[in-house]
Amino acid sequence: MKALEGKRAVVTGGARGIGHAIVERLAADGARVSIWDRDPRADIAPAEHATACDVADEAAVAAALADSTKAIGPIDIMVANAGVNGPTKPAWDYSLEDWRRVIDVDLTGVFLTARAVLPGMRARRQGRFVAISSIAGKEGNPNAVAYSAAKAGVIGLTKALAQGVVGDGVLVNCITPAMAETDLLAEMDADYIQAIRDRMPFGRLCTVEEIAAMVAFVVGPECSFTTGMAFDVSGGRASF
Ligand SMILES: NC(=O)c1ccc[n+]([C@@H]2O[C@H](COP(=O)([O-])OP(=O)(O)OC[C@H]3O[C@@H](n4cnc5c(N)ncnc54)[C@H](O)[C@@H]3O)[C@@H](O)[C@H]2O)c1
């Protein structure tokens, strides 16, 4: 029997990049998967279901949960992965509009997703919630202030949520990856990307499959005694 046989999972931002790799991995491990994405693709395989959803929109999140539940059943696993980078510039050049957009998607989106799905998990006394934070949330990045603040917020939110459901059979964790090659890099300038590459002790970026493998562990049966934690996938960059 596969590790996630019989489990129903949602991956936000699952249409491409890290989210898509997570969809592929959870499906390969036996889960039935539904995607919530602002911009879903026509070809959703190996997911079974996909719905258009902006995770920063409260009503859209409620509608997406109803839609996924109807399609695959009550949700056992929620991967809050959808995120944007925003512009790469110092704080004094960063517009309030960009700041609000990044916080809305990367932090409020995780809150809205958790708020929607946790009551059902608590009622069924089982569930796994995992958010995709970032090494930027631990170390900060001078040219991505909103992103760093949002991702640090996700770590704090993870801890608060985990403690709130600790007796309910629901585990809440997050992952803090270093840079991986995805469309997200299109929002960054070349110097910014090179500066991050130069700081990678392993001498390479992270792969999307390495992040998906960590998610599979965290939502799987072998991760049974850890909640409220940030799991590192930074190739030796972070030591905490
Ligand atoms: N790529 C990296 O280097 C890296 C490193 C650490 C953490 N992360 C985080 O991993 C997650 C995925 O990043 P990625 O690199 O795969 O990005 P990506 O741009 O390749 O894919 C992001 C996906 O999320 C969707 N999305 C964006 N905004 C959305 C919204 N408001 N509602 C619903 N869906 C939305 C997009 O349509 C897309 O399918 C993000 O949270 C990102 O911050 C990425």
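Across the stretch 170-188, which residue is farthest from the chain's Cα centre (by Cα) among those that are within 12 Å of the ligand (Cβ to nearest atom) and assigned to a strand (DSSP E or B)?
Per the criteria, the residue is Ala180.
Contact list please: Cβ distance under 6 Å, first residue in the stretch 109-136 and closer than 16 Å to Ala160 by Cβ, second residue of a type in the set (Lys, Arg) and in a helix (DSSP H, G or I), pairs at least six apart or on different chains.
Ser133/Lys151
Looking at Arg237, is it within 16 Å of the ligand (Cβ to nearest atom), part of a loop (DSSP other than H, G, I, E, B), among the basic types (Lys, Arg) and in contact with a Gly (Cβ under 8 Å, 6 or more places away or on another chain)? I'd like the intermediate steps shown before the answer.
Values: within 16 Å of the ligand (Cβ to nearest atom): yes; part of a loop (DSSP other than H, G, I, E, B): yes; among the basic types (Lys, Arg): yes; in contact with a Gly (Cβ under 8 Å, 6 or more places away or on another chain): no.
Answer is no for this residue.
Output the residue which, of all residues in the stretch 9-26 that are hydrophobic (A, V, I, L, M, F, W, C) and not in a loop (DSSP other than H, G, I, E, B), is nearest to the ligand (Cβ to nearest atom). Explain how you work it out, then say what you get.
Residues of the stretch 9-26 hydrophobic (A, V, I, L, M, F, W, C): 9-11, 15, 18, 21-23, 26.
If we keep only those that are not in a loop (DSSP other than H, G, I, E, B) too, we end up with 9-11, 18, 21-23, 26.
Numbers: Ala9: 16, Val10: 11, Val11: 10, Ile18: 4, Ala21: 8, Ile22: 9, Val23: 10, Leu26: 15 Å.
Looking at residues that are hydrophobic (A, V, I, L, M, F, W, C) and not in a loop (DSSP other than H, G, I, E, B), I get Ile18.
Condition first: free of Cβ contacts under 8 Å to residues at least 24 places away in the same chain and either within 12 Å of the ligand (Cβ to nearest atom) or part of a helix (DSSP H, G or I) (or both). Now tell me which residues in the stretch 211-228 satisfy that.
Residue satisfying the conditions is Phe217 alone.
Can we say Asp98 is among the charged types (D, E, K, R), within 14 Å of the chain's Cα centre (by Cα) and assigned to a helix (DSSP H, G or I)? Give the steps one after another, and end with the answer.
Working: among the charged types (D, E, K, R): yes; within 14 Å of the chain's Cα centre (by Cα): no; assigned to a helix (DSSP H, G or I): yes.
When the stated conditions are applied, Asp98 does not pass them.
Does Ala64 satisfy the criteria of being more than 24 Å from Met214 (Cα to Cα), crowded, with 17+ Cβ neighbours inside 10 Å and touching a Phe, Trp or Tyr at 6+ places or on another chain (Cβ under 7 Å)?
Working: more than 24 Å from Met214 (Cα to Cα): yes; crowded, with 17+ Cβ neighbours inside 10 Å: yes; touching a Phe, Trp or Tyr at 6+ places or on another chain (Cβ under 7 Å): yes.
Spelling it out, Ala64 is indeed more than 24 Å from Met214 (Cα to Cα), crowded, with 17+ Cβ neighbours inside 10 Å and touching a Phe, Trp or Tyr at 6+ places or on another chain (Cβ under 7 Å).
On the basis of being at pLDDT 95 or above and within 13 Å of the ligand (Cβ to nearest atom), does Ala62 make the cut? If you could, list the steps in order and put the result at the bottom.
Details: at pLDDT 95 or above: yes; within 13 Å of the ligand (Cβ to nearest atom): no.
Here the answer is no, as Ala62 does not meet what is asked.
Only one of Trp99, Trp36 is touching a Cys at 6+ places or on another chain (Cβ under 9 Å) and within 16 Å of the ligand (Cβ to nearest atom). Can you tell me which? Reasoning before the result, please.
Details: Trp99 fails: touching a Cys at 6+ places or on another chain (Cβ under 9 Å).
Going through Trp99, Trp36 in turn, just one is touching a Cys at 6+ places or on another chain (Cβ under 9 Å) and within 16 Å of the ligand (Cβ to nearest atom): Trp36.
Looking at the stretch 144-169 only, could you name the residues that are in a loop (DSSP other than H, G, I, E, B) and either away from the ligand (no atom under 14 Å from the Cβ) or surrounded by fewer than 18 Cβ atoms within 10 Å (Cβ to Cβ) (or both)? Give the derivation first.
So in the stretch 144-169, the residues in a loop (DSSP other than H, G, I, E, B) come out as 144, 165-169.
Across the stretch 144-169, the qualifying residues are Val165, Val166, Gly167, Asp168, Gly169.
Taking the stretch 165-179 on its own, how many of its residues are over 30 Å from Gln194 (Cβ atoms) and either in contact with a Gly (Cβ under 9 Å, 6 or more places away or on another chain) or touching a residue at least 24 places away in the same chain (Cβ under 8 Å) (or both)? Let's see the steps before the verdict.
Residues of the stretch 165-179 that are over 30 Å from Gln194 (Cβ atoms), as a first pass: 165-173.
Now narrow it down to the ones that are either in contact with a Gly (Cβ under 9 Å, 6 or more places away or on another chain) or touching a residue at least 24 places away in the same chain (Cβ under 8 Å) (or both): 165-166, 168-173.
Qualifying residue count for the region: 8.
Cβ-Cβ under 8 Å, sequence separation 6+ or interchain: first residue in the stretch 5-30 and farther than 22 Å from Gly109 by Cα, partner among the β-branched types (Val, Ile, Thr) and away from the ligand (no atom under 16 Å from the Cβ). Which pairs?
Lys7/Ile77
The values are calculated or read from the model by the stated rules, or taken from the named source; none is laboratory data. Only a predicted model underlies this, so the values are computations on that prediction, with no experimental measurement involved. All Cβ positions, glycine included, derive from the backbone under ideal geometry; neighbour counts span all protein chains shown.
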